[in-house]
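The values are calculated or read from the model by the stated rules, or taken from the named source; none is laboratory data. These figures come from a predicted structure and were not determined experimentally. As a convention, Cβ positions derive from the backbone with ideal geometry for all residues, glycine included, and neighbour counts pool all protein chains shown. All accessible areas refer to the heavy atoms of the entire protein, side chains included, with ligands and DNA or RNA removed. Shrake-Rupley method; radii C 1.70, N 1.55, O 1.52, S 1.80 Å.
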Amino acid sequence: QVQLVESGGGLVQAGGSLRLSCAASGRTFSSYAMGWFCQAPGKEREFVAAISWTGSTRVYADSVKGRFTISRDNAKNTVYLQMNSLKPEDTAVYYCAAAKSGPRSISRSYEYWGQGTQVTVSS
(Lines give C-alpha, C1' and ligand atoms only; values in the text may rest on other atoms or scores of the structure.)
Protein backbone atom coordinates (compact mmCIF):
# COMPACT_ATOMS: atom_id res chain seq x y z
CA GLN A 1 0.00 0.00 0.00
CA VAL A 2 1.10 3.58 -0.71
CA GLN A 3 0.23 6.63 1.38
CA LEU A 4 0.62 10.05 -0.22
CA VAL A 5 0.95 13.46 1.43
CA GLU A 6 0.99 16.66 -0.64
CA SER A 7 2.53 19.96 0.41
CA GLY A 8 3.61 23.27 -1.08
CA GLY A 9 0.28 24.82 -1.93
CA GLY A 10 -0.57 28.39 -1.07
CA LEU A 11 -1.58 31.81 -2.32
CA VAL A 12 0.39 33.35 -5.18
CA GLN A 13 -0.13 36.22 -7.60
CA ALA A 14 -0.72 35.61 -11.28
CA GLY A 15 2.57 35.03 -13.06
CA GLY A 16 4.16 33.57 -9.95
CA SER A 17 5.45 30.09 -9.21
CA LEU A 18 4.88 27.29 -6.73
CA ARG A 19 6.43 23.87 -6.31
CA LEU A 20 4.19 21.12 -5.00
CA SER A 21 5.64 18.04 -3.37
CA CYS A 22 4.08 14.66 -2.78
CA ALA A 23 5.79 12.39 -0.27
CA ALA A 24 5.01 8.69 -0.49
CA SER A 25 5.35 5.98 2.11
CA GLY A 26 6.22 2.41 1.30
CA ARG A 27 9.21 0.79 -0.33
CA THR A 28 7.43 0.19 -3.65
CA PHE A 29 7.14 3.88 -4.62
CA SER A 30 9.58 3.51 -7.49
CA SER A 31 7.36 0.90 -9.15
CA TYR A 32 4.40 3.30 -9.46
CA ALA A 33 3.67 5.90 -12.08
CA MET A 34 2.65 9.16 -10.40
CA GLY A 35 0.14 11.76 -11.45
CA TRP A 36 -1.13 15.17 -10.45
CA PHE A 37 -4.79 16.13 -10.76
CA CYS A 38 -6.68 19.27 -9.78
CA GLN A 39 -10.23 20.06 -8.82
CA ALA A 40 -11.75 23.53 -8.74
CA PRO A 41 -14.98 24.29 -6.87
CA GLY A 42 -17.97 23.00 -8.77
CA LYS A 43 -15.85 21.21 -11.34
CA GLU A 44 -14.75 17.65 -11.93
CA ARG A 45 -11.26 16.47 -11.11
CA GLU A 46 -8.93 17.12 -14.04
CA PHE A 47 -5.65 15.64 -15.14
CA VAL A 48 -2.58 17.87 -14.86
CA ALA A 49 0.55 15.76 -15.39
CA ALA A 50 1.94 12.25 -14.96
CA ILE A 51 5.34 10.60 -14.88
CA SER A 52 6.44 7.01 -15.35
CA TRP A 53 8.21 5.09 -12.58
CA THR A 54 11.60 5.69 -14.26
CA GLY A 55 10.86 9.32 -15.02
CA SER A 56 11.53 8.76 -18.71
CA THR A 57 7.91 9.41 -19.77
CA ARG A 58 6.03 12.57 -18.84
CA VAL A 59 2.53 13.49 -19.91
CA TYR A 60 0.89 16.90 -19.54
CA ALA A 61 -2.53 18.41 -19.99
CA ASP A 62 -2.56 20.92 -22.85
CA SER A 63 -3.49 23.70 -20.44
CA VAL A 64 -0.21 23.37 -18.51
CA LYS A 65 2.29 22.44 -21.22
CA GLY A 66 5.26 24.78 -21.14
CA ARG A 67 4.32 26.09 -17.69
CA PHE A 68 4.33 23.05 -15.37
CA THR A 69 7.01 20.38 -14.96
CA ILE A 70 6.56 17.05 -13.20
CA SER A 71 9.57 15.24 -11.77
CA ARG A 72 10.36 12.57 -9.21
CA ASP A 73 13.14 11.51 -6.88
CA ASN A 74 12.77 7.80 -6.16
CA ALA A 75 15.52 7.93 -3.52
CA LYS A 76 13.37 10.41 -1.58
CA ASN A 77 10.01 8.78 -2.42
CA THR A 78 8.82 12.15 -3.67
CA VAL A 79 7.18 13.53 -6.79
CA TYR A 80 7.14 17.24 -7.60
CA LEU A 81 5.09 19.62 -9.67
CA GLN A 82 6.87 22.85 -10.57
CA MET A 83 4.23 25.40 -11.51
CA ASN A 84 5.35 28.54 -13.33
CA SER A 85 3.48 31.41 -14.96
CA LEU A 86 0.47 30.65 -12.81
CA LYS A 87 -2.95 31.91 -13.87
CA PRO A 88 -6.11 32.53 -11.82
CA GLU A 89 -7.71 29.59 -13.63
CA ASP A 90 -5.07 27.29 -12.08
CA THR A 91 -6.77 27.83 -8.72
CA ALA A 92 -7.81 24.42 -7.39
CA VAL A 93 -7.03 21.68 -4.92
CA TYR A 94 -4.15 19.65 -6.32
CA TYR A 95 -3.92 15.91 -5.66
CA CYS A 96 -1.15 13.45 -6.33
CA ALA A 97 -1.92 9.86 -7.14
CA ALA A 98 -0.10 6.57 -7.73
CA ALA A 99 -0.80 4.02 -10.47
CA LYS A 100 0.64 0.60 -11.28
CA SER A 101 -0.61 0.87 -14.85
CA GLY A 102 1.59 3.71 -16.05
CA PRO A 103 1.43 7.51 -16.51
CA ARG A 104 -2.22 7.83 -17.56
CA SER A 105 -4.46 10.87 -17.77
CA ILE A 106 -7.53 8.99 -16.52
CA SER A 107 -8.17 9.28 -12.80
CA ARG A 108 -9.65 5.80 -12.45
CA SER A 109 -6.25 4.35 -13.45
CA TYR A 110 -4.84 5.49 -10.09
CA GLU A 111 -5.11 3.29 -7.01
CA TYR A 112 -3.87 5.67 -4.31
CA TRP A 113 -4.59 9.35 -3.67
CA GLY A 114 -3.36 12.06 -1.35
CA GLN A 115 -5.55 14.45 0.59
CA GLY A 116 -4.80 17.42 -1.65
CA THR A 117 -3.21 20.84 -1.26
CA GLN A 118 -4.89 24.14 -2.10
CA VAL A 119 -3.41 26.42 -4.75
CA THR A 120 -4.91 29.88 -5.08
CA VAL A 121 -3.77 32.30 -7.78
CA SER A 122 -4.87 35.89 -7.42
CA SER A 123 -5.24 38.25 -10.38
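If ligands, DNA and RNA are left out, what is the accessible area of Thr120 with a 1.4 Å probe, given in Å² to the nearest 10?
Rounded to the nearest 10, the figure is 50 Å².
Residues of the chain: accessible area per residue at 1.4 Å, in Å²?
Values: 6310 Å² over 123 residues.
It amounts to 51 Å² per residue over the chain.
Quickly work out the Ser56-to-Gln118 label distance, labels modelled 7 Å from Cα along the C-beta direction, and quote it in nm with one decimal.
Reported label-point gap for Gln118 and Ser56 is 4.1 nm.
Just how much of Lys87 is accessible, in Å², when a 1.4 Å probe is used and the result is rounded to the nearest 10?
Roughly 80 Å² of Lys87 is accessible to a 1.4 Å probe.
Given R₀ = 22 Å, what would the calculated FRET efficiency be for Lys65 paired with Ala14, taking r from the Cβ atoms and rounding to 0.05?
Values: r = 18 Å, r/R0 = 0.83.
E(calc), rounded to 0.05, equals 0.75.
Modelled label-to-label distance, Ala40 and Gln82, 7 Å Cα→beta-carbon offset: nm?
So the label points at Ala40 and Gln82 sit 2.5 nm apart.
Across all directions of projection, what mean area in square nanometres is found for the Cα convex hull of the chain?
Working: hull surface 26.7 nm².
Mean projected area of the Cα convex hull: 6.7 nm².
Carbon and sulfur: what percent of the chain's accessible surface (1.4 Å probe)?
On the way: 2900 of 6310 Å².
Carbon and sulfur: 46 percent of the exposed surface of the chain.
At a probe size of 1.4 Å, how large is the accessible area of Glu46, to the nearest 10 Å²?
The value for Glu46 is about 100 Å².
Hey, rough spin-label estimate for Gln3 and Ala23, points 7 angstrom out along Cα→Cβ, what's it come to in nanometres?
In this crude label model, Gln3 to Ala23 measures out at 1.1 nm.
Hey, how much of the P(r) for region 26-75 falls beyond 18 Å, as a percent of Cα pairs?
Values: 451 of 1225 pairs.
Taking all Cα-Cα pairs of region 26-75, the fraction more than 18 Å apart is 37 percent.
Note down the relative contact order for the chain as a percent, whole number, built from C-alpha pairs under 8 angstrom at least six residues apart. Let's see the in-between values first.
On the way: 321 pairs, mean separation 44.5, N = 123.
It comes to 36 percent, rounded to a whole number.
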